[in-house]
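We did not get these values from a lab; they are worked out from the coordinates using the rules stated. Everything numeric in this text was worked out from a predicted model, so none of it was measured.
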Amino acid sequence: MSSDTVFGGMEIDKITRQKAFENVSKPIYKDPETGEYLTALQKYKLENESDFIKNVGILFTLTDGFKNLDKLVAPPAKKQVKRKLQELEHVLNNNNKSTDGGSRYIGFGSDNGGKSIFDQGFSIDIN
């Protein structure tokens, strides 16, 4: 409960730390056969032993021995960035263009004679 980071630096809020602590320490179930009290994690393991071992093994592997979350977090983040870039590209490619090919969204108006800011000498330096 005192540590607010896991997996090599991921910060965990107090509510989540409390829930995790309870899942491994607070008995929630009494085994009718043995009379033993089990935590939520122990109960899950008892009822789903092969899935428990598989999931712990996968989590251990993907976190490099519970050290970091890069293999779990990076792929979804990369997919989201790629999707957002595709959306931006779609918007830019499908905006309302003038007949001369310039974008109508860049500086057109009555105050500049209907000319784009690029027609007035404006340039973009993208170095």
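So here's what we get for this one:
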item	result
Kirkwood-type radius of the range 5-68, with distances r between different C-alpha atoms, in Å	13.3
Other-chain or far-sequence residues with amide H under 5 Å of Thr39's (modelled H)	Ile28
Under Karplus coefficients 6.51, -1.76 and 1.60, residue-wise ³J(HN,Hα) of the range 42-50 in Hz, glycine/proline x	5, 5, 4, 4, 4, 7, 9, 4, 5
Which listed pairs, of Lys14/Lys84; Lys14/Lys43; Lys45/Lys84; Lys26/Lys79; Lys43/Lys84, have C-alpha distances above 30 Å, in listed order	Lys14/Lys84; Lys45/Lys84; Lys26/Lys79; Lys43/Lys84
